[in-house]
1. How many of the residues making up the stretch 433-444 are crowded, with 24+ Cβ neighbours inside 10 Å and more than 16 Å from the ligand (Cβ to nearest atom)?
2. Can you tell me which of (1) without any contact (Cβ under 8 Å) to a residue 60 or more places away in the chain; (2) part of a loop (DSSP other than H, G, I, E, B); (3) under 23 Å from the mean Cα position of the chain (by Cα) is the one residue 599 doesn't meet?
3. At least 1 residues that are within 15 Å of the ligand (Cβ to nearest atom) in each: list the helices (runs of 4 or more DSSP H) lying fully within the stretch 275-391 that qualify.
4. Within the stretch 251-264, is there a residue that is over 15 Å from the mean Cα position of the chain (by Cα), at pLDDT 95 or above, under 25 Å from residue 591 (Cβ atoms) and not in a helix (DSSP H, G or I)?
5. Output the residues belonging to the stretch 550-573 that are under 22 Å from residue 302 (Cα atoms) and of a type in the set (A, V, I, L, M).
6. Has the stretch 34-53 got at least one residue that is under 33 Å from the mean Cα position of the chain (by Cα), assigned by TED's automatic domain parsing to the domain that holds residue 234 and surrounded by 16 or more Cβ atoms within 10 Å (Cβ to Cβ)?
7. Name every residue in the stretch 662-685 that is surrounded by fewer than 19 Cβ atoms within 10 Å (Cβ to Cβ) and part of a loop (DSSP other than H, G, I, E, B), in order of residue number.
8. Here is a list: 70, 58, 75. Which entry is farther than 17 Å from residue 231 by Cβ, under 38 Å from the mean Cα position of the chain (by Cα), among the aliphatic types (A, V, I, L, M) and assigned by TED's automatic domain parsing to the domain that holds residue 106?
Amino acid sequence: MTKQSALLSAPTSSLLLEVVNGALVIRHWGAPINGDLADVAVAARVSIANSSWDEPQLPGVMRESSRGFLGRPSLSGHRNGKAWSTKFEVTDFHHQDNHCAVTLRDFHAELEVNITFDLDVHGVLIQKANIKNIGESEYALNEYIHWLPLPQEATQTLDFAGRWSNERQPQRRDIQTGTWVRESREGRSGHNFSIADIALTSQTSFQSGSAWATSIAWSGNSHYLVERGFDGGQSIGAGELLLPGEVILKANESYQAPALFAVFSAHGLDGVSTTFHSHLRARSVHPKRPRPLTLNMWEALYFDHDEAKIKELIDVASEIGIERVVLDDGWFHSRRNDRSGLGDWVVDPAVWPQGLTPIIEYINGKGIEFGLWFEGEMVNPDSDLYRNHPEWILHEGDRTPPLWRHQLVLDLSHEGAYSHVLEQTSSILATHAIAYIKWDHNRVLVDAGHLGHAGVHQQTQAIYRLFAELKKRHPGLEIESCASGGARIDLGVIDLVDRFWTSDNNDALERQRIQRWTSQVIPPELLGTHIGPTHGHQTGRTLELSMRATTALFGHAGIEWNITEATDQERKHLATWAAYYKENRALLHSGKSIRIDYPDDHGYLYGVSALDTKKSIFAYVQLTPTAVIHPAALKFPGLDPHATYLVKAVFPAGKPRYMLISPPTWIEGVKISGSALAAIGVSAPILAPANALLIEITKL
Ligand code: DGJ
């Protein structure tokens, strides 16, 4: 029989697959390889160890104990206690270019698995799997995990933990024998969801070193795993976390596992983000229009929907140059606070006696778009919907799940509940000039049953269906995915939404870290970044406008502040900042995001460089007071080494607060070659803590 193997290669990575004794084996995932690979298997054959198998075992991607695997298998399930162990054989192997589709069957367990691997030109490997019951009896699927092998030089992992207002806190740790599992059981991807799980060497930094990154494309429960066996083999995996009995396949039914997106980078964590960003930007659904400068009125109004006050805000917004205004929570039936109204998606005449049309017309009259907030998956017990249909919530038996923000979760797999939300939402969109909605999800799912079975899997599919249907019915509709801030940011929902609300924390200092790590996977144009109030509502911290404005520039920018309270000077600065954003968003939203390995822990140095390196915009941020008088020089790698650049600081929203007598002279402008900028750089000014300096680097 001819050898069945496939080499998928991108400029930055390769995947080598081979069928060995009926098993599908990943020989290599990592750095690009080519040339004569015929003897890779011979080269990789391991010794026969003491107290071990008589022949080396190659369990392959299914990781079965029947093939000598002692770690966690890819597939687990049973047929009423039988078919608990599998031995899949490859029955079809199709390879073309960078696509490989493999069918594996186990006729004893009566299962078929179809796995596809696609490596795109940017270096993103997409792994999909479909599990089909080819028997007569029911097959209860416990889990399916996509696994990829890790070489032993991957000695550490980086994942992200979080909570409300403090999303994506990096956790870096050594890999040791055993399994490190990051579970997400919030029923949405979650604040504590790890947007990526990345294996690294101990030396890997933003700019250099190897990284093997994974991101699971799912907005429900999920888990990431890194496993190291006592034989030294190690791997990284992820999949949907299924609750007991959540997926039971009847004859001929299939389970489509959420896709795994995987990236290998030989150029550090920035190599990973560049690859993810390029891949995401190449999607046909990636937003094409320049991202409108947005005013979200939540922190200016909360539930106080006073039309006169809103008009005042709009007037100031229009002077500043705002292009989109979002009316947040509080516009619908009986929603005077967060205790009632969710589920009744009709305009409340108590606050909007003439409906929303007059205010929308007022806003549109100023040349500004209008957007509206929904939280369609939720219901307050104090709502007409709940009073009429208490049975439409996710629940188990006769229990009602504990309240969270005074709300429960609607069971969208219930046809009645689904069409209620779809029709009410759709009717608001059909009868108003609204092409933008912010869709929130403010609580976790617990005890989330649908007709006596665990219901998170179906709920997740239902919200995908609902978003797709809304977009189909209302062409051009943009959706912002929000979940108490950044609790639904993932590659599962990304093709259905146009913006993520990154975090409810608008404190610019906190946002530095949150944005830094969210952009590990998501490009900045999809991340909502707003200038918050002078005194942050979440932390109470007082920050300079220049710091808040610089922070908000590196994303889909906006304002979330009662700007009627801004001083004349602040309004002028907001207007010049708005103009700066509009002038530079094409670069900020298409360039390469760069996080410099700045040697001083007290500061961040990061920015965006145009792909042709003609212009870059960087921020130098003083997070905490400098330890030394003169912090480390600001060096900018990656520019054209032979070209001359003009480097200068720019102040679209006013100057930062310095702690010095006079700042370095280069701030006014200095000409220097790309190679000198990388090797020598410019001196760092002494900024007061929680201040930022914006730097422009332009090729001459
Ligand atoms: C949580 C969101 O993250 C906020 O931006 C805001 O929309 C509130 N919910 C409204 O209730």
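The values are calculated or read from the model by the stated rules, or taken from the named source; none is laboratory data. Keep in mind that what you see is a predicted model, and the values were worked out from it rather than measured. For neighbour counting, all protein chains shown are included, and Cβ atoms are generated from backbone atoms with ideal geometry for every residue, glycine included.
1. Residues meeting the conditions: 0.
2. Of everything listed in (1) without any contact (Cβ under 8 Å) to a residue 60 or more places away in the chain; (2) part of a loop (DSSP other than H, G, I, E, B); (3) under 23 Å from the mean Cα position of the chain (by Cα), residue 599 misses just condition (3).
3. Correct list: 298-301.
4. Yes, there is a match, as at least one residue in the stretch 251-264 is over 15 Å from the mean Cα position of the chain (by Cα), at pLDDT 95 or above, under 25 Å from residue 591 (Cβ atoms) and not in a helix (DSSP H, G or I).
5. 552, 557, 559, 563, 566
6. no
7. 662, 663, 664, 669, 680, 683
8. 75
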